[in-house]
Structures are given as C-alpha cells and as structure tokens.
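The values are calculated or read from the model by the stated rules, or taken from the named source; none is laboratory data. For clarity, every value in this text was computed on a predicted model and none was experimentally measured. Note that we place each Cβ from the backbone using ideal geometry, even for glycine, and neighbour counts take in every protein chain shown. These area figures cover heavy atoms from the full protein model, side chains too; ligands, DNA and RNA do not enter into them. Shrake-Rupley method; radii C 1.70, N 1.55, O 1.52, S 1.80 Å.
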Amino acid sequence: MKRKWTAWLLAGMITFSIAACGTDNSSQADAGSGEAGSTQTAEDTQSAENVDEQNEAETGNTETAGAEPASSSGSNILIAYFSVPEDIDTSGIDADAGASVVVKDGEKLGNVQFMAQTIQNTVGGDLFRIETTEQYPLAHEPLVDLASEEQAGNARPELSTHIESPEQYDVILLGYPNWWGDMPQALYTFLEEYDFSGKTIIPFCPHGGSGFSNTERTIAELQPGASVSSDGLSISRNDVADSADEVEAWAAGLGISQ
C-alpha cells in the first residue's frame, strides 16, 4: 500500500510539473506575441505618419502648383499672382514671414498668396494663380539660383494656367515677389500672353529690401496700352505676416471694391 501511495504521489508530481511547464511556455509565447505585436503596431503607426507627412508635403506642393483659375463670376477685378512658398520648418510657429512663407492659424501660405487672399477678402474679385509647367524648387538656395539663371537667360517659363475670359476684367491687381531686383521670369511670360490695353494694372510685391525696383516700369513696357498704377503696395517680406491691416487699408483705399 505504501508503494502505491508513493507511486501515485510521484505521478501527481510529474503531472503538476508538466502542467506548470506548459503554463510558463504559454505565458512566454503570449508575451512574445505581444511584444512583436506592439513592435509591428509601432512600425505601422510610424509608416502611417510617414505617409501622412508625405501626403501633406505633396498636398503642399500641389497647392503651391495648384491652379486658382479666374472664375466666371462676372467680376471686373482680377487678382493675379505668382507665389512660391519655400519649404521651411514652420512647426510651432503662429506667424512667420520667413523667406517667402506666412503661417497664420496653422495654414502655410506664400507671401504673395497671403497678400492676394487678403486683397480679395477686402475688395472681392477673382483670384488667379500664375503657374508654370515646371515647378520651382522649394528649397531656398536652389530656388534663388534658378531665378538667377532664368533672369540671366531672359527665360520665358511656360505657363500651365491661363485666364479664361481676360476681356471681362477692367482692373488687374498683379502680385509677385522681387527676385534679384526684378519680377520672376514667369511674369514676363504672363504679361506677354495677354493684351491688357485699356485696363488698369495695380502691382503688389513683397521684397527683401528693394521694394518694386524697376518692375512697375517693366510692366508698363510690356503692357503699353494699359495704365500701370503708381499706387501699388510693396511690403518687406519680414513684415508680411503681420501686414493684414495694412494690406486691407491699401486695398480699400483703391476705391475698386464691388
């Protein structure tokens, strides 16, 4: 009898030991799956964030190159502008003019784009973004280098956007940055594409210290039949972010609101 009890006791201990080992292995397997799952989840999240950042970058580029064609609203005011917001880090910035960028309420706009939208909010009219088929680089140094090369070669970049009904407009507010003391070459293409005879052209321009330079005279030479206003607005690029009141007052003072 004693031997039977001993055998039963040994059998029970062996069974318990096997069960315990199974439990430990199962726990380790679950923990291993959990860690692998967490790692995979983190990687998936990171990938999703990268995709979102890529989409945002592409969306930003698309908006930079995206057309704002003049509508057929019947307005006689056209706000045509050329803007290349540079790709700078704007995280945590509420308002910054940067090289060519304004950030307001988390929205990133080119300096000229910001001025154009502010003008439209004040006087109405149709917005038209002057675009080129070849997108300009968004990094500062490549951008200024290309601008210099185009100017030296008297280039005429091909435009990808065109005014549907230029004849309907009596007033063209024309916005552009001052690149190397001149308009971007895309403005030459634009002004040579249309005949604005009998219309009034009013320039506006953010700059790095040179104001309009001689661009008003250049516009008059390219559009000899138009009246080029001497009441244009030039603002230092360092002040554009906080210029909404100044732009609004200037636009309202033109007496062209509808």
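What to note about this one:
- Pairwise FRET efficiency - E158 versus S210, Cβ, R0 = 22 Å, nearest 0.05: 0.20
- Were the residues from S229 through Q135 laid out at 0.36 nm apart, the gain over their Cα-Cα distance would be 30.8 nm.
- Ranked from largest to smallest solvent-accessible area, with a 1.4 Å probe on the protein heavy atoms, K108, K199 come out as K108, K199.
- Rounded FRET efficiency, nearest 0.05, which uses the C-beta distance separating S148 from E221 and R0 of 25 Å: 0.70
- Net charge, T215 excluded, C-beta distance under 12 Å - Lys, Arg +1, Asp, Glu -1: -2
- Charge tally in the Cβ shell below 12 Å around I119, where Lys, Arg are +1 and Asp, Glu are -1, I119 excluded: -3
- Placing +1 on the Cβ of every Lys and Arg and -1 on the Cβ of every Asp and Glu, with nothing else charged, gives the range 187-258 a dipole about its Cα centre of roughly 140 debye.
- Rounded accessible area of D231 (nearest 10 Å², 1.4 Å probe): 100
- Taking chymotrypsin sites (Phe, Trp or Tyr not before Pro) across the range 149-197, the ones in a DSSP loop with at most 16 further Cβ atoms lying within 10 angstrom of their Cβ are W180.
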